[in-house]
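Quick one: the structure is below, and I'll ask about it shortly.
The values are calculated or read from the model by the stated rules, or taken from the named source; none is laboratory data. In this text, all values refer to a predicted model and were calculated from it rather than measured experimentally. Here the Cβ positions follow ideal geometry from the backbone for every residue, glycine too, while neighbour counts run over all protein chains shown.
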Ligand code: NAD
């Protein structure tokens, strides 16, 4: 069986690749298990350091090629593709320092014995990746996992496997055979990876519904599951918010990847005293966004991943049209054969709960007023998702107090969507489980073992 990968602007085929099935996926897992048992990879921290460092350099040397590939298979604008490749390089370079820092602890215990806690790599880990930021989301998880010493089986999204495949080809020669393998396919391959007894950890990034199934399959055999799922990002604009900073940041992060981003700033909650100013400023800017060829300088918003996804988004826009809350945008646009939508702003005193609470995953933003800080927090938290939010205020105390009350894995103050290889991130509630990046991101791929030395005193 094969997968035809298309250019998301023209819908023309870029290439056709082979597709795995349950049997060939199980064979890849068996090879990864052998590599874990028979190579020095899980124990050789200097080898892992060198491989990660060289791999980062190799991606940097092929940066333009990777950007071109990413642009054609995702339909994202070029500056986002450049940023994505740079994030992947940074993940490898940052984590190249981690293998030698994986650490447990030592304790003198109550009976005089020595307790050593050591961290050991879990074994084989699977990486199941979505299509929106494929290269970054893979290396965000894979680089710390390799630092921990796992062997890996990677499943890209069938919509966007090419940049990942090329980046894996660029692995340095010192990476032992079968330590990192790729299996292409869709649900069947993903289900095999999630349910296989020899996969000790599954790092899944994708939708909440599929993530739930992956988490349940992993829990059934007590494997670890790191689940990075959907989001409904919010900016809270307090009465003293600096609008000159907030509005450009919202615009930059609401329509990124045509809004198809888990962390996208999809909701804007504004104190009533500033509501009409913010709504009007956003409406003007949203209406002026340029949609089309992602490779054209000046294009703000590129393609939607597929016609099916555009129809799904349009379903939400129909709700807004019928309730009269669609302020601007939302039209289907004809641009080169792919799926394009005019970015939309939805605004009302009270917006339909489906628009306020569900992940639309498209270029659609809601703006709503609030009267009190309590109300702002309640509105922000009134969704099953808990990935990312921002508070905009000049009042340090209000910023801290509000940030503490928001049920989100990341809360920014006076900025939006800044991510760092050194700081763990992840979701609360239906946005996921586990944390990626930082020491926590490495430790997720280890088991903690207690070795107790009986000291006879
Ligand atoms: P998806 O859940 O449809 O697919 C994700 C991956 O899972 C793909 O590789 C897919 O082939 C695979 N898959 C599909 N069915 C499967 C199954 N039954 N078992 C195992 N794997 C299966 O998600 P998508 O449409 O590719 O991506 C969009 C979603 O990803 C959005 O919900 C978005 O919020 C989320 N996302 C989250 C983060 C984060 O860090 N939290 C980042 C990016 C995207």
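Applying the selection to region 192-212, what residues are near the ligand (Cβ under 6 Å from one of its atoms) and either part of a loop (DSSP other than H, G, I, E, B) or touching a helix residue (DSSP H, G or I) at 6+ places or on another chain (Cβ under 7 Å) (or both)?
The answer is 194, 205, 206, 207.
Now, a different point. Considering only region 109-132, I want to know if a residue exists there that is in contact with a helix residue (DSSP H, G or I) (Cβ under 6 Å, 6 or more places away or on another chain), in contact (Cβ under 8 Å) with a residue 12 or more places away in the chain and under 30 Å from residue 300 (Cβ atoms).
yes
Restricting attention to region 213-236, which residues are assigned to a loop (DSSP other than H, G, I, E, B) and touching a strand residue (DSSP E or B) at 6+ places or on another chain (Cβ under 9 Å)?
223, 229, 230, 231, 232, 233 - these are the residues of region 213-236 that are assigned to a loop (DSSP other than H, G, I, E, B) and touching a strand residue (DSSP E or B) at 6+ places or on another chain (Cβ under 9 Å).
Here's a check for you: in region 213-250, which residue that is within 10 Å of the ligand (Cβ to nearest atom) and free of Cβ contacts under 8 Å to residues at least 60 places away in the same chain is surrounded by the most Cβ atoms within 10 Å (Cβ to Cβ)?
Ranking the candidates gives 217 first.
Within region 377-397, can one find any residue that is within 16 Å of the ligand (Cβ to nearest atom), over 18 Å from the mean Cα position of the chain (by Cα) and at pLDDT 95 or above?
Within region 377-397, one or more residues are within 16 Å of the ligand (Cβ to nearest atom), over 18 Å from the mean Cα position of the chain (by Cα) and at pLDDT 95 or above.
Among strands (runs of 3 or more DSSP E) lying entirely in region 307-386, which contain 1 or more residues that are crowded, with 22+ Cβ neighbours inside 10 Å?
In region 307-386, the matching strands (runs of 3 or more DSSP E) lie at 344-347, 364-370.
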